[in-house]
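Below is one structure, written out as structure tokens; the observations come after it.
The values are calculated or read from the model by the stated rules, or taken from the named source; none is laboratory data. Keep in mind that this is a model prediction, so the values were computed, not measured. Neighbour counts run over all protein chains shown; Cβ positions are idealised from the backbone, glycine included.
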Amino acid sequence: MKRQEIKRLVDAKIRDEGRVETGVKGVELFRVTTALRCAPAVYEPMIIAILSGEKEAILAGEKHTYDASHYMCCTMSMPVEAGTPKASPNNPLLGVQISLDRSVLTKLAIEMESAPGAIRPAKGRTPPKALTLAPWDDAFTDALLRLLQLNESPGDTAVLGEGRLRELYFAVLKGGAGDAARRAFGVGNEVARAIEYLSSHLDGTVTIEEMAAQVGMSRAVFHRKFKQATLMSPIQFLKSTRLNSAAMKIAAGMNVSEAAAQVGYVSSSQFSREFKRLYGQSPKQWSHAKWLSPETP
């Protein structure tokens, strides 16, 4: 079975807990053997393919559990809670994480939409969710296997890596997560572009009107489409992204005041109030807690 061959390739390359790079930009292998409760994280656009064990992600109160039966596709930067509550040395979480290159995917999605015989999406559809679990299909399995087989030859990786990664992107765009990916990276990707703008301005003041103006929408239309795609209002999303980013920085050892400033908070007291309201602990208490390993995918 091709999926068993993928697992063999990954298992042979990463024996200890942590991550290893494959030589193809944005493609990493990981192994987790420690049970970690769900804690704040920010998922960047990526694919996670699990080969053994399972992982949890909570988005707007909705829990997503994914394992070897489905791969996870996140098409936008999303504030989540993520963990590996069942991981152990006897039941490791083993998998592949693939960062999504926006420029490559946008070009590929637009090419697909412009190709002869392409099916045009109906206007006015409800935007697909930003986090999708898609079943492994033959095209995805074949493309992932071909990509990981390059890891056995640095020369092949250097020459063929970008092409094999593009092949995997193509399989994703045509597969179970394809609707979400095409809408995020192709024509009509307003919500994704607004989130990209927000992610690059976390350290400043960003208003909802400003986000809506970036994609040429009224505040009302933007609010509706944004909530359909992310399950959160723009204000909830903005606050969650900032606080999750700060929580990760604090857990990694950053000073509380510095973490607050880096995600756009001018008032330390406001930051502390909102942090405690969301996580049930003050930032100082959080800094002494043991949450996520920096290497957890």
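Across region 209-228, what is the total count of residues that are aliphatic (A, V, I, L, M), assigned to a helix (DSSP H, G or I) and surrounded by fewer than 22 Cβ atoms within 10 Å (Cβ to Cβ)?
Going through region 209-228 one residue at a time, the tally reaches 4.
Quick one: in region 16-68, which of the residues that are basic (Lys, Arg) and closer than 21 Å to LEU148 by Cβ is surrounded by the fewest Cβ atoms within 10 Å (Cβ to Cβ)?
LYS25
Suppose we keep only residues that are free of Cβ contacts under 8 Å to residues at least 24 places away in the same chain and not small (Gly, Ala, Ser) within region 9-38. Which one would you say is nearest to ARG164 (Cα to Cα)? Please lay out each step first, then the result.
So in region 9-38, the residues free of Cβ contacts under 8 Å to residues at least 24 places away in the same chain come out as 12, 15-16, 20-21.
Cutting the leftovers down to not small (Gly, Ala, Ser) gives us 15-16, 20-21.
Details: ARG15: 25, ASP16: 27, VAL20: 19, GLU21: 16 Å.
For region 9-38, the residue satisfying everything is GLU21.
Looking at ALA82, ALA194, which one is at pLDDT 85 or above and under 28 Å from LEU36 (Cα atoms)? Even if it seems obvious, please write down each step before you answer.
Details: ALA194 fails: under 28 Å from LEU36 (Cα atoms).
Every option except ALA82 fails the conditions.
Go through ALA171, ALA184, ALA177, ALA158 for me and flag whichever is under 22 Å from LYS25 (Cα atoms) and in contact with a Cys (Cβ under 6 Å, 6 or more places away or on another chain). Can you show your working first?
Working: ALA171 fails: in contact with a Cys (Cβ under 6 Å, 6 or more places away or on another chain); ALA184 fails: in contact with a Cys (Cβ under 6 Å, 6 or more places away or on another chain); ALA158 fails: in contact with a Cys (Cβ under 6 Å, 6 or more places away or on another chain).
That would be ALA177, the only listed residue that is under 22 Å from LYS25 (Cα atoms) and in contact with a Cys (Cβ under 6 Å, 6 or more places away or on another chain).
Within region 229-243, is even one residue modelled with pLDDT of 85 or more, exposed (fewer than 13 other Cβ atoms within 10 Å of the Cβ) and either within 26 Å of LYS63 (Cα to Cα) or not small (Gly, Ala, Ser) (or both)?
Yes; the residues of region 229-243 include at least one that is modelled with pLDDT of 85 or more, exposed (fewer than 13 other Cβ atoms within 10 Å of the Cβ) and either within 26 Å of LYS63 (Cα to Cα) or not small (Gly, Ala, Ser) (or both).
Which numbered condition trips up MET248, out of (1) surrounded by 22 or more Cβ atoms within 10 Å (Cβ to Cβ); (2) out of contact with any helix residue (DSSP H, G or I) (no Cβ under 7 Å at 6 or more places or on another chain); (3) under 30 Å from TRP286 (Cβ atoms)?
(1)
Using the structure shown, decide if TYR197 is aromatic (Phe, Trp, Tyr), out of contact with any strand residue (DSSP E or B) (no Cβ under 6 Å at 6 or more places or on another chain) and crowded, with 16+ Cβ neighbours inside 10 Å.
no
Just a yes or no: is a residue in region 169-180 under 19 Å from the mean Cα position of the chain (by Cα) and under 23 Å from SER240 (Cα atoms)?
Yes, because at least one residue in region 169-180 is under 19 Å from the mean Cα position of the chain (by Cα) and under 23 Å from SER240 (Cα atoms).
Could you list, in sequence order, all residues of region 152-168 that are over 20 Å from the mean Cα position of the chain (by Cα) and buried (at least 17 other Cβ atoms within 10 Å of the Cβ)?
If the condition is that a residue be over 20 Å from the mean Cα position of the chain (by Cα) and buried (at least 17 other Cβ atoms within 10 Å of the Cβ), then THR157, LEU160, GLY161, ARG164 are the ones that fit.
With respect to the numbered conditions (1) surrounded by 14 or more Cβ atoms within 10 Å (Cβ to Cβ); (2) at pLDDT 90 or above, which one is the sole condition not fulfilled by MET112?
With respect to (1) surrounded by 14 or more Cβ atoms within 10 Å (Cβ to Cβ); (2) at pLDDT 90 or above, MET112 is out only on (2).
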